[in-house]
Amino acid sequence: MFNLILFGPPGSGKGTQSQLIIDHYQFTHLSTGDMLRTEIERQTPLGMEAKKFMDRGALVPDEVVIAMISSRLDAQGNAKGFIFDGFPRTTAQAKALDKLLSLKATSIHLVLLMQVPEEELIKRLLLRGQTSGRTDDANEEVIRARIAEYYNKTSPVADYYAQQHKLQTVPAVGSIEEVFARIKQQIDKRFAELNLHSVSSHPRS
Ligand code: AP5
């Protein structure tokens, strides 16, 4: 099993690159943002509570997202590996994830920090906001609030993984294909270090 965290600010391409990684490596995608948006669409109590935070660009409370991830991990017993997209976003979430994975006798193998200048992030999200219908892309004020939340609460989590020697940075500007090539290089390098198949879509567990 191989577990990857795609880490980076809003608009850095975590969701976009997750799809390419899934196509190539057949990992299972776990995006807390997607899970929360599904809860909102279904108008569940959890979704209605989360929406209050998301609409203003704030993080949803830790206990809500940790519980969601925990139940998804339990439901995906046969996965070859997981891509965590948008989780963890606080040190409390990172510690909870380590515990959940250790219960499954596995751990995080690689954390990729996607680096994009702030003005490019804003440009990408405003552009997507013209068509996405995402309330948190609707105006620059909310987008800047999301980015501020990232730098205040999420960015420090990178140190947690750097101390474990799991963090690698990826310049995430350029075409989507160019960024994917850099990500693939990092994943294959880590496969080799762990003695897993490097190119195959079927890493040994
Ligand atoms: P979430 O859904 O995780 O959103 P986000 O982190 O704000 O990230 P985005 O989806 O906006 O960006 P991305 O990095 O995935 O980039 P993407 O590929 O989409 O979270 C939303 C909210 O949910 C949070 O604000 C919070 O309230 C809550 N939440 C979620 N998880 C939580 C957690 N763990 N704890 C607490 N709260 C949580 O790309 C963005 C755009 O850029 C797209 O239009 C794409 O086409 C474009 N693009 C991508 N790559 C390129 C490129 N190379 N060049 C040009 N354009 C590009």
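Taken together, the values in this text are just the output of simple stated rules run on the coordinates, not laboratory data. No experiment lies behind these values; they were computed from the predicted model shown. Using ideal geometry, Cβ is built from the backbone for each residue, glycine included, and neighbour counts are taken over all protein chains shown.
At each listed q (0.13, 0.15, 0.18 Å⁻¹), what is the log10 of I(q)/I(0) that the Debye formula gives for region 103-205 modelled as equal alpha-carbon point scatterers?
Per q value, in the given order, log10 I(q)/I(0) is -0.66, -0.82, -1.02.
Step through the residues of region 105-110 one at a time and calculate ³J(HN,Hα) from phi using the Karplus curve (6.51 cos²θ - 1.76 cosθ + 1.60, θ = phi - 60°), rounding each to whole Hz and writing x for Gly and Pro.
Once rounded to whole Hz, the list reads 6, 9, 7, 6, 9, 7.
Over what distance in Å are the Cα centres of region 1-68 and region 145-201 separated?
Computed from Cα coordinates, the inter-centre distance equals 17 Å.
Give the cross-link partners of K52 among the lysines, using a straight C-alpha distance below 19 Å as the criterion and excluding same-chain residues fewer than 8 apart.
Hits, sequence-local ones excluded: K153.
So how tilted is helix 118-132 from the main axis of the chain? Cα-based, degrees 0 to 90, rounded to 10.
Its long axis makes an angle of about 70 degrees.
Relative to the compact-globule scaling 2.2 N^0.38 Å, provide the ratio for the alpha-carbon radius of gyration of region 1-103.
Normalised Rg, Cα atoms only: 1.05.
Anyone know which of K104, K189, K14 comes out most mobile in the 10 Å Cα GNM of the chain?
K104
For a protection proxy built on the mean count of beta-carbon atoms within 10 angstrom, sort 147-153, 60-66 highest first, please.
60-66, 147-153
In degrees between 0 and 90, to the nearest 10, how far off the longest principal axis of the chain does helix 140-149 point, with axes built from Cα atoms?
Roughly 40 degrees between the two axes.
Out of all DSSP beta bridges with both ends in the chain, state the antiparallel percent to the nearest 5.
That works out to approximately 0 percent antiparallel.
Within the P(r) computed for region 27-176, what percentage of the Cα pairs occupies the region above 20 Å?
Of all Cα-Cα distances in region 27-176, 53 percent exceed 20 Å.
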